Amino acid sequence: MAVSFKEILYLIIVACLALSFNFFAISVGQHTYWIMLAALMCSLLLLQDNFKFHLYSILITGFLAAIFVSLKVSYFAVLPALAVYLAFITFIAMFVGQRYLAWFLPSFIINVCVLLSVLYPAVNEKIYIGNYLFANNIARGFFIAEGALIAWIPQVLLWGNIFRRANKIIYNDFYGEIIAVLGLFRQLNKTIFACFLDPAYQENIYLFERRIHVFKNKIIESTLQLRNLLQTKYISNKTEFVYAVNHLDLLFDVVLQYAQLRRRVTDNTIFAVCVAELTAVQDEIEKLLSDMIATFPHKKYHLRADNLFEAIKRFEEIYQNVLRVTSREPLVFLLFIASLQDVCKELAAFYTALLAIRQDDKYGNQQNHR
């Protein structure tokens, strides 16, 4: 996600606050620059995906850095002990950053603060902070914690303004990917039924199979992009998005199931008996997919699958009356009918998930306008 103007504004606010605190605290001692350092480093955690996570991570990062910097001089002033302590902190930071990617930046910031405190050691003297007397290394810890709070408080106060745009971006990106996937499903469905209805299929099997293969790969790539989108973007109602993508995967599975009819039937001339019924099923599936695409501009509010159920019922009737007797493999048509019924269920479930997301988006937009 690109950094927005409001996020840049947040970084400017943090920098100004850190400069102000540093200016007023300069009389305390020479270590007040740690306020600016900690505030600017913790403000980089704005780039984390989840709002609650980076609020917690700012506090944890700031206070752990303050504790480790204070401990560095208090208890590890001897060089061998200090070397072991630094090696331990670096190892833990590297391990956490590699094992838990979300904590890479916080652990890196903690490690940098400890290393800088070693490169620029505090002299062994004491300073006043308010009416209390502290060693310089302890004062550094206070300044780091203060800088973390400077980065944390504006995020809490400006939460709605900063992340409203991020929430809108995720909806727009998700809608765009879903529209693309549904369009690919429509093309895949048309190509699959062409294998049943087009007499040229037997003479050009490679051409038809190639088209199906291309659309299958595109759908898989688009679905992976959707899942990556769910992992890398800020989402307030992630469960609903995951639910929708899961049903998209199930829809893909059942579409591939009814596509197996082209391989299970050994005599394609049997399709001539049920051309009208197959064409009706194809058309109704395409209409439902088109209606789903139309939900995103809010043109369609109710999805009616009655016509598809009726088309499947008519195909089932011709199976009972004709195909069961004339086909060499009557059972494969039963599997085909079962797959079509599963398609209806998955389309309905997927559409329900889309409605839930759209209603949440609509509610969020109303809240934003308020």
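The values are calculated or read from the model by the stated rules, or taken from the named source; none is laboratory data. Bear in mind the structure is a predicted one, so any value in this text is a computation, not a measurement. Backbone-built Cβ (ideal geometry, glycine too); neighbour counts: all protein chains shown.
Where the second residue is surrounded by fewer than 22 Cβ atoms within 10 Å (Cβ to Cβ) and β-branched (Val, Ile, Thr) and the first is assigned to a helix (DSSP H, G or I) and lies in region 185-199, which pairs have Cβ atoms under 6 Å and are six or more apart or on separate chains?
Taking only residues 6 or more apart or on different chains, the pairs are 191/212.
May I ask you to say which residue of 312, 219 is part of a helix (DSSP H, G or I), in contact with a Cys (Cβ under 9 Å, 6 or more places away or on another chain), modelled with pLDDT of 90 or more and closer than 18 Å to residue 349 by Cβ?
When all the criteria are applied, what remains is 312.
Considering each of 58, 89 in turn, give the residue that is at pLDDT 80 or above, under 15 Å from residue 148 (Cβ atoms) and buried (at least 16 other Cβ atoms within 10 Å of the Cβ).
Step by step, each of 58, 89 is checked, and only 58 is at pLDDT 80 or above, under 15 Å from residue 148 (Cβ atoms) and buried (at least 16 other Cβ atoms within 10 Å of the Cβ).
Among the listed residues 40, 46, 71, which satisfies the condition of being under 13 Å from residue 141 (Cα atoms) and either modelled with pLDDT of 75 or more or assigned to a helix (DSSP H, G or I) (or both)?
Matching residue, one of 40, 46, 71: 71.
Among residues belonging to region 184-208 that are under 26 Å from residue 246 (Cα atoms) and not aliphatic (A, V, I, L, M), point out the one that is farthest from the chain's Cα centre (by Cα).
193
Looking at region 1-30, I want the residues that are under 12 Å from residue 151 (Cβ atoms) and have a partner that is modelled with pLDDT under 60 and among the aliphatic types (A, V, I, L, M) with Cβ atoms under 7 Å, at least 6 apart or on another chain. Which pairs are those?
As it stands, the answer is 10/162, since those pairs meet every condition given.
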